[in-house]
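Please treat every number below as a calculation from the coordinates, not as lab data. All figures in this text were calculated on a predicted structure; none of them were measured in a lab. Here Cβ is always computed from backbone atoms with ideal geometry, including for glycine, and neighbour counts include all displayed protein chains.
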Amino acid sequence: MRGASGKFCFNHVGVALDDKEEEKLKNYAQELITKITAERMHAARQLWLFPVSDKEVLQYIKNKPGRKHKKKLQDVVPVDKVALSDIKERDRIVEGIHEVGTTVYNLLGYNEVLPSKRDESILKDLVLTRLAYPASKHKTQHILMRQFGKEHDLDAVYRMTSFLIILIKLKNLLLTIFVASSRIKST
């Protein structure tokens, strides 16, 4: 249950040893949620036009839409009635490259190259995609959308890479100045 600050609030209601005790604990937990919600509603700064009872709060909580449960194949059709020849692929999103590649990318320190999180995200996606599918920036942007389900504006991709080129040239210039100044000091 979310608290006033947007954080979650947890209350331990007990440990069940069998199904009957589990059902009792679930009912107690539901009552506790109702009580806490009612207290928050009554303590809220906003005045209520109509009084709200605990029963109405409980009904609201039960009917409140939450995250839809993930459907499993067994819920849709029995597994023994599914033929592989009847299955048609609609979309495919590759996830493995970003899962493994992100770790290597971060270990190499590339996650700290750019100051903006948005540019950093674009750079990471471009680098990892180009490792798997070497292509131009334009084509890489399409591959990112089609294969990986990641959408970046093409103009943002070009801007970020232009900024990266300037950054690399600036670092090379600073390195050259540092090397030259250290040579001057040593002579």
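Before moving on, here are some points about what is shown:
- Seen from residue 131, the other residues with C-beta closer than 15 Å to its C-beta sum to a net charge of +2, counting Lys and Arg as +1 and Asp and Glu as -1.
- Electrostatic tally near residue 82: other residues with Cβ closer than 15 Å to its Cβ, Lys and Arg +1, Asp and Glu -1, net 0.
- Hz values of 3J(HN,Hα) by residue in the range 176-181 - Karplus curve (6.51, -1.76, 1.60), Gly and Pro given as x: 5, 5, 4, 5, 5, 5
- Whole-Hz couplings from phi, Karplus 6.51/-1.76/1.60, listed for the range 146-160; x for Gly and Pro: 6, 8, 10, x, 10, 10, 10, 5, 4, 4, 5, 5, 5, 4, 5
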